[in-house]
Amino acid sequence: MAKKISLKLGYESPFTVFSVFTSEKEYRLAWLINQQLGIELKRIADYSHYFSESQSGYFPIYRHHYKQYRMQMFLLGNKGEEGPIVNSSPVPDFLILFWNRSGLFDLKQFQKDVKKIQQVQTLVELNQKTLAKHEDFFYGLEYFLTEQKVI
């Protein structure tokens, strides 16, 4: 009798994701992060997220390319008129996403530096359970960024 083989397909996100809680607008937060970290977050085309067939929303997104680490960082607005993209409790105001994060990049120092910004209430790394719950979003975002030719 032949042995049964099962194939499980899944999406593994290339992103390391942090939720940011602040009352600042996206352009102001991007400027504050630029000042604190000495980087250049620049706005790119808004990300269009589909909540359903008839409902979608546009979310501001900023990008910084760390050439020395060959990785990219994105600041994405999470709250829109239609609702949040990542709906965890509490709902984050923004997401900071690292694409293709290098092991040489000091993530702990990054967290400390962002938390030093007075207007940032807190910065928390999203756990794997939350990421898995939103894998459609991460797949869509990766596709969007590929189309924009930024990754």
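Worth a mention:
- Residues of the stretch 1-40 classified as in contact with a helix residue (DSSP H, G or I) (Cβ under 7 Å, 6 or more places away or on another chain), loosely packed, with under 14 Cβ neighbours inside 10 Å and closer than 19 Å to Asp93 by Cβ, total: 0
- Residue match in the stretch 47-54 (condition: within 24 Å of Phe110 (Cα to Cα) and surrounded by fewer than 16 Cβ atoms within 10 Å (Cβ to Cβ)): no
- So Arg43, is it within 23 Å of Phe144 (Cα to Cα), among the charged types (D, E, K, R), surrounded by 14 or more Cβ atoms within 10 Å (Cβ to Cβ) and out of contact with any Gly (no Cβ under 6 Å at 6 or more places or on another chain): no
- In the stretch 55-86, residue nearest to Asp106 (Cα to Cα) [restricted to those that are polar (S, T, N, Q) and touching a residue at least 40 places away in the same chain (Cβ under 8 Å)]: Gln72
- Candidates Phe74, Phe105, Phe144, Phe59: the one that is assigned to a loop (DSSP other than H, G, I, E, B) and either closer than 19 Å to Leu29 by Cβ or at pLDDT 90 or above (or both) is Phe105.
- Selection within the stretch 113-130: residues that are in contact (Cβ under 8 Å) with a residue 24 or more places away in the chain and assigned to a loop (DSSP other than H, G, I, E, B). The member of this set that is farthest from Glu24 (Cα to Cα) is Leu126.
- Checked against the criterion of being in contact with a strand residue (DSSP E or B) (Cβ under 9 Å, 6 or more places away or on another chain), under 18 Å from Tyr143 (Cα atoms) and touching a residue at least 40 places away in the same chain (Cβ under 8 Å), the candidates Phe15, Phe21, Phe110 yield just one match: Phe15.
- Against the numbered list (1) within 17 Å of Ser19 (Cβ to Cβ); (2) in a loop (DSSP other than H, G, I, E, B); (3) touching a His at 6+ places or on another chain (Cβ under 6 Å), Ile39 comes up short only at (1).
The values are calculated or read from the model by the stated rules, or taken from the named source; none is laboratory data. What you see is a predicted model; the values in this text were computed from it and never measured. Quick reminder, even Gly has a Cβ in these numbers, built from the backbone with ideal geometry, and neighbours come from all protein chains shown.
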